[in-house]
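Before any comments, here is the structure.
The values are calculated or read from the model by the stated rules, or taken from the named source; none is laboratory data. A quick note: this is a predicted structure, and the numbers were derived from the prediction, not measured. As a convention, Cβ positions derive from the backbone with ideal geometry for all residues, glycine included, and neighbour counts pool all protein chains shown.
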Amino acid sequence: VARPSRGYAVGVDIGGTKLAAGLVAADGTVVSRTRRETPAHDGVAVMELVVEVARELAGEAGPCAVGVGAAGMIDLDGVVRYAPNVRWADYPLRAELAERLDGPVTVDNDANVAAWGEFRLGAAVDAPESMVMLTVGTGVGGGLVIDGSLVRGASGLAAEFGHMIVQEGGPLCPCGNRGCLEAMASGNAIGRAATAAVQAGRIPDGSPLSGLPEVSGKDVSRAALAGDPAAIRLLAEAGFWLGVGMASLVNALDPQIVVVGGGAMESGDLLLEPARQSLEDRVLGRRYRGLPPVVPARLSDDAGVVGAALLALQQARAP
Ligand SMILES: [Zn+2]
C-alpha cells in the first residue's frame, strides 16, 4: 500500500563520523531508519550519500520532503558557509540536493534542527509560543523559537548562543574569541578545566580523576554520577556559567521554556540545578517575575533525524 507522501519526510542527521537518516511520519514516528559512515573528507560524496539514503528511505512513499541537519554555519539558501566536520566551504548543499531529489529540500544547522524537534514533539511540547534551546556537547549550540517559528535571523546565522561572551578575556574558544559560553560550559570546557585542576593538584587522591593525564567531559560526568565531590564541583562550575548565559537569554527573549540537550545532559541535574540557581540569581527583577522552566531535552538520539524531517514537512507546507 502506497503511503501518502505528504505525511512523511526523510530526516538526515550528518555527524562527523556517522550519518543517521529516517523516514519520519508527521507525528514524529520513525517508520524506518538507516546509518552510514560519513565520508567527511569528501563533501561531494556526503551530498551524494544523502541523495542515496533519501531515495532508499522514501521508497514506496514516493517523492517526499527531505530535511538535513549538519553542524556549521548554514545560510538561508542552504549554503554551507563553513562546516567543522565535513569538507564543505561555501557549498550550495540545498541546491545540489534539490537538483537530484524530487521533493522539497530543507538544510539547516544541527542545533536548529534539534530545537525544532524538541519544540514540536519533545521537551517544549507544552510551550506553544517560544523556546530557547542550548545544546551542550563538544561545543554549545543554540536554537530559538519565537511566536511559534524557528528564528534564523537575517542570514540564517541567528541563535549561536554558544558564542555569547560571558567572561571577556576568559578561556579561548574554538571560534577565536575568549570567554564564550562554549569556552566555559561545553563538554570540552569541562574536560579542560578538569585537566587543569588535576595538573594544579586541586583534585584529591581519592577522586577517579586524579592522576589522569587528560580528563574529558565524559570522565567528569561519569565520576560525578558516581558521587565524586571534585567532579560534582567541576560540573557545578560549568552549570554556573550556563546559568549566566541563560540569564542574558531570558532577559533578552523572555521565553516560555529553556531546553538543554546534548551529550553533557547525561549529567542531568548535576549540571542543570547550578544553572537554574545561577539564572535565578542574575535574571532581571526576580522578585517581580516568574522564571521559565529549565528542562532537559527529550528526543535524545533521534532528535536530529526527527527534527530535520519535521522542519522539512513544515517548510513544505509553508506558502
Ligand atoms: Zn566562541
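Could we say that Val220 is under 23 Å from Cys180 (Cβ atoms), in contact with a strand residue (DSSP E or B) (Cβ under 6 Å, 6 or more places away or on another chain), crowded, with 19+ Cβ neighbours inside 10 Å and modelled with pLDDT of 95 or more here? No; evaluated as a whole, the condition is false for this residue. Of the residues in segment 188-204, not one is on the phi < 0 side of the Ramachandran plot, at pLDDT 95 or above and part of a strand (DSSP E or B).
So that you can scan it fast, the table gives a plain yes or no per residue for (1) buried (at least 16 other Cβ atoms within 10 Å of the Cβ); (2) at pLDDT 95 or above:
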{"site": "Ile232", "(1), (2)": "yes, yes"}
{"site": "Ala236", "(1), (2)": "yes, yes"}
{"site": "Met265", "(1), (2)": "yes, no"}
{"site": "Asp269", "(1), (2)": "no, yes"}
{"site": "Leu279", "(1), (2)": "yes, yes"}
{"site": "Val294", "(1), (2)": "yes, yes"}
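Looking across segment 231-281, the residues that are closer than 23 Å to Ser149 by Cβ, touching a strand residue (DSSP E or B) at 6+ places or on another chain (Cβ under 9 Å), hydrophobic (A, V, I, L, M, F, W, C) and in a helix (DSSP H, G or I) come down to Met246, Leu249, Val250, Leu253.
Scanning segment 161-201 for residues that are touching a strand residue (DSSP E or B) at 6+ places or on another chain (Cβ under 9 Å) and of a type in the set (Ser, Thr, Tyr) turns up just one, Ser186. Residues in segment 62-114 that are among the aromatic types (Phe, Trp, Tyr) and assigned to a strand (DSSP E or B): Tyr82, Tyr91. Scanning segment 165-203 for residues that are within 22 Å of Ser267 (Cα to Cα), away from the ligand (no atom under 15 Å from the Cβ) and among the polar types (S, T, N, Q) yields a single hit, Thr195. Find all pairs meeting these conditions: Cβ atoms under 9 angstrom apart; at least six residues apart or on different chains; first residue within segment 173-190 and free of Cβ contacts under 8 Å to residues at least 12 places away in the same chain; second residue within 8 Å of the ligand (Cβ to nearest atom) and of a type outside the set (A, V, I, L, M, F, W, C). Short answer, once both residue conditions are applied: Cys173/Gly162; Cys173/His163; Cys173/Glu182.
Considering Pro274, Pro213, the condition of being surrounded by 15 or more Cβ atoms within 10 Å (Cβ to Cβ) and either within 23 Å of the chain's Cα centre (by Cα) or farther than 22 Å from Cys180 by Cβ (or both) is satisfied by Pro274 alone. Taking the condition free of Cβ contacts under 8 Å to residues at least 40 places away in the same chain, in a loop (DSSP other than H, G, I, E, B), more than 19 Å from Arg317 (Cβ to Cβ) and among the acidic types (Asp, Glu), does Glu168 pass? For Glu168, the condition - free of Cβ contacts under 8 Å to residues at least 40 places away in the same chain, in a loop (DSSP other than H, G, I, E, B), more than 19 Å from Arg317 (Cβ to Cβ) and among the acidic types (Asp, Glu) - is met.
Within segment 58-91, the set of residues being in contact with a Phe, Trp or Tyr (Cβ under 6 Å, 6 or more places away or on another chain), more than 18 Å from Gly15 (Cβ to Cβ) and surrounded by fewer than 22 Cβ atoms within 10 Å (Cβ to Cβ) comprises just one member, Ala61.
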